[in-house]
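Q: Let me give you the structure first, and then I'll get to my questions.
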């Protein structure tokens with residue numbers, strides 16, 4: 001099982017990956033709080049992008065409503081913690097369960113009735129949108145007024161309750177991201193990965209080869225929604241405040257998928273590279289503009305737009321596929 | 001279990017009032033090669049699609065190894081032991097030739113590494129091993145046709161449905177394909193093919209079924225069928241000298 005993860009991966013790729021991981025491991029010792037907060041954001045987008053990529057990049061199902069899974073999971077874990085004192089590592093299971101159930105419900109409706117492509121994407125938007133409206137009026141979690149987790153100064157990190165300093169969040173998120181990377185690699189190199197790619201490429205031919213297309217699409221949605229739930233829980237405990245208007249908004253869904261699109265849909269390292277490039281560059285642009293004395297609201301969004309434009313025109317497969325070719329890393333990362 | 005591997009009994013299919021196939025019957029004996037021929041629009045591919053589970057027949061029944069299979073989903077038909085190719089090829093374009101075939105091989109072999117070896121063997125059998133690492137999108141049309149066959153074959157079918165796999169091939173390539181199918185047949189694979197290339201039909205088939213306007217108008221040994229006046233009139237026309 002372990003050997004399958006590294007099967008056919010060039011040594012150079014492993015070495016580079018190891019160096020990259022080592023850099024991420026020591027990074028918090030070298031940088032200040034601000035940079036650390038950006039690195040957390042990078043990991044957050046890398047992980048969530050990876051989760052989205054399972055559905056779109058592997059199985060070819062475009063979801064533009066992944067904020068639904070983030071939001072539902074964030075609210076579940078936060079409400080369990082605030083109302084019942086149930087810690088995040090216990091609450092996360094219910095959060096995952098509910099997210100997966102939402103995903104399976106949408107998937108069932110769509111795939112049973114042959115809704116695909118753009119129409120499927122619209123359906124995912126619709127569900128995220130009306131969940132947002134629902135949560136606006138959901139008094140148990142304070143509706144549109146926002147739901148808050150208690151915040152105090154923590155002298156000691158409490159990883160079991162996800163209460164503590166940013167550096168603790170950083171390492172937990174790093175671990176999750178690494179595990180997700182390995183998990184996706186494991187999926188992609190197995191039978192299920194081949195089946196997903198076949199469905200992505202040519203569903204009719206896939207079915208002719210004995211693949212139960214409906215079942216494998218549903219599995220993709222379930223895994224993607226379940227993984228995304230974890231970022232929702234993390235979001236809740238890291239930011240300590242949840243607003244339906246923000247967490248369920250479509251711009252959140254779009255933000256999540258920019259990383260994989262720019263990095264390279266369907267590749268394993270694409271979402272990570274995309275998250276690094278986008279977040280670091282976007283923050284730099286904001287900083288530079290700030291230093292120059294301009295505080296332009298929305299500059300980040302404009303920058304995202306430009307990045308997307310450039311990538312789509314010049315690198316339609318994302319940055320990673322041509323880059324890995326240049327680095328001589330083969331085709332399977 | 002009947003002596004016939006596949007029995008198609010009186011199947012019909014209409015599309016918005018257009019009767020594409022009308023009470024067509026045919027049987028494919030175990031171990032044989034049967035050709036389904038007919039002019040364009042005769043309903044050959046519709047027949048295939050009903051056998052392969054794409055459409056459910058409006059009337060009639062289809063049995064495979066004595067079991068009713070009409071109306072089953074295509075993936076279940078595949079598991080029953082029927083592999084098919086598409087007339088308009090449908091390769092997994094972003095995947096390499098080998099990966100394309102691995103997808104098929106995974107039906108019987110869940111371990112990817114074993115499936116890869118199996119897929120290599122299938123590619124080798126079709127003379128495509130040198131193309132293994134090429135993305136399917138970069139293959140030529142004849143290569144893609146062969147890839148279709150390789151992919152279907154990798155699922156280890158008992159019955160192989162071939163939908164115009166010779167079209168667009170040069171005569172020498174056709175002869176190569178004919179040799180491949182003869183060899184496959186010798187190894188026990190039963191074949192039902194739709195074909196326009198008479199060179200291949202004559203060389204391969206033990207039996208020919210002629211479809212015209214959705215109806216079976218003749219059946220029999222290839223030499224008999226090409227002399228059948230009804231067939232000559234509707235279909236072969238100028239090729240009648242063959």
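Nothing in this text is a laboratory measurement; each read-out follows from the coordinates by a stated rule. If you're wondering where the values come from, they're calculated on a predicted model, not measured in any experiment. All Cβ positions, glycine included, derive from the backbone under ideal geometry; neighbour counts span all protein chains shown.
Q: Across peptide B:53-60, what mean number of C-beta atoms from other chains lies inside 10 Å of a residue's C-beta?
A: Neighbouring Cβ atoms belonging to other protein chains average 1 per residue here.
Q: State the Cα centre-to-centre distance between the stretch A:202-238 and the stretch A:257-333 in whole Å.
A: Distance between centres, Cα-based: 24 Å.
Q: In what sequence, highest mean first, do A:239-245, B:167-173, A:123-129 appear when ranked by Cβ atoms within 10 angstrom?
A: A:123-129, A:239-245, B:167-173
Q: Taking the Cα atoms only, what angle lies between the long axis of helix B:141-154 and the longest principal axis of chain B, rounded to 10 degrees?
A: Helix B:141-154 sits at roughly 80 degrees to that axis.
Q: Could you work out the helix-only [θ] at 222 nm for the protein assembly as shown, with each DSSP H run of four or more residues adding -39,500 (n - 2.57) and the total divided by the number of residues, to the nearest 500 deg cm²/dmol? Please list the in-between numbers first.
A: On the way: 23 runs with 317 residues, N = 575.
So the helix-based figure for the protein assembly as shown works out to -17500 deg cm²/dmol.
Q: Follow-up. Taking the Cα centroid of the stretch A:90-137 and of the stretch B:139-201, what is the distance between the two, rounded to the nearest whole Å?
A: The distance from the Cα centre of the stretch A:90-137 to that of the stretch B:139-201 comes to 44 Å.
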